Structure formats: structure tokens, C-alpha cells
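Undergrad: Please find one structure pasted underneath; my questions will follow.
The values are calculated or read from the model by the stated rules, or taken from the named source; none is laboratory data. No experiment lies behind these values; they were computed from the predicted model shown. Using ideal geometry, Cβ is built from the backbone for each residue, glycine included, and neighbour counts are taken over all protein chains shown. Accessible surface is based on the protein model in full, side chains and every heavy atom, while ligands, DNA and RNA are left aside. Shrake-Rupley method; radii C 1.70, N 1.55, O 1.52, S 1.80 Å.
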Amino acid sequence: MKAFPVACTLFALLFAAGSTTAQMRDPDVSLKRMQTGLSVLNQELTATYDQINALQAARSANDCASLDVRGHPPALTTEDEVAAAKRRAIAREQEIQTQIDAAFSHIKDIEGQKQPILRRLRDYLDAAQATESAKAQSR
């Protein structure tokens, strides 16, 4: 999963560098590039949300597992074992929460990468609409 964000960032940088030149040459090429860029970023968002859902399920399973240990009768589990299991469950909880926080941070980064593309797309669509209006008025 870590290589994918790097690839998307490189893609966004290459997209930003080439979009002005492409737009000057052919507006349809620019539109395709914007659509492709948004598609890649949206796929990454979906994957990241799926990762968050999986982590939340893992956190829930961790909570259930730690409750199971506490529910065992004392004859089957020593206090030391229960305490060690609680410590492991807390450590897992903290690790999972760290991963969830990182995923939400990644979502924020992706949304930030989408904004310039969406602005350019809006500008492109506004310009296309203005061109269509001018054509309609000249008829």
C-alpha cells in the first residue's frame, strides 16, 4: 500500500507539469488527463477507505478477544496471563489506531491533490460552456 501513494503523487506531479502544454495543444487531451487523474485518485480513496474498514474490523475483533480473556474463569487463566493479554490488546489497539489515523491523513492528502484538478476541470467546463453560448448567440 505504501508504494501506491508514491506512485499517485508522482502521477499528480507529472499531470500538473504536462496539463498546461496539453491544454494549449488540444483541450480534449487535457480533459482526458483530468479524468484519468481524478480516476486514479478516486481509486486510491476507495482503497484507503477499504483499508480503514478492515482496520476498524480488526479493532473490533481485538476488543472482543480482550473481553474473552477477561471472561475466563480464574482456574483456567492466571492473573499474570490476563494482565499480559490486556497489555497485548492495548498495544494492538494503539497500533491499529495509528494505522487508522495515517489512513485518514492519507485521505486528506488525496483530497488536496484532487482540488487543483477539479478547479482546472471547472475552468475547462466553464470555458466550453462560454464557447457554446457564443456559438449559439452567433447563429
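Undergrad: Any idea how many residues of the stretch 69-116 are surrounded by 14 or more Cβ atoms within 10 Å (Cβ to Cβ) and at pLDDT below 90?
TA: The total comes to 4.
Undergrad: Just name the residue that is nearest to residue 98 (Cα to Cα) out of those in the stretch 1-35 that are open to solvent by 70 Å² or more (accessible area, probe 1.4 Å) and at pLDDT 80 or above.
TA: Top of the filtered list is 35.
Undergrad: Show the residue pairs meeting these rules: Cβ distance below 7 Å; 6+ apart or different chains; first residue within the stretch 110-121 and in contact (Cβ under 8 Å) with a residue 24 or more places away in the chain; second residue of a type in the set (Asp, Glu).
TA: From residues that are in contact (Cβ under 8 Å) with a residue 24 or more places away in the chain, the pairs are 110/44.
Undergrad: Then there's this: Does residue 63 fit the bill of being surrounded by 10 or more Cβ atoms within 10 Å (Cβ to Cβ), modelled with pLDDT of 95 or more and out of contact with any Ser or Thr (no Cβ under 7 Å at 6 or more places or on another chain)? Spell out the reasoning first.
TA: Working: surrounded by 10 or more Cβ atoms within 10 Å (Cβ to Cβ): yes; modelled with pLDDT of 95 or more: no; out of contact with any Ser or Thr (no Cβ under 7 Å at 6 or more places or on another chain): yes.
Criteria not met by residue 63.
Undergrad: Also: Please tell me if residue 119 is at pLDDT 90 or above, closer than 27 Å to residue 28 by Cβ and either open to solvent by 70 Å² or more (accessible area, probe 1.4 Å) or under 21 Å from the mean Cα position of the chain (by Cα) (or both).
TA: Yes; evaluated as a whole, the condition is true for this residue.
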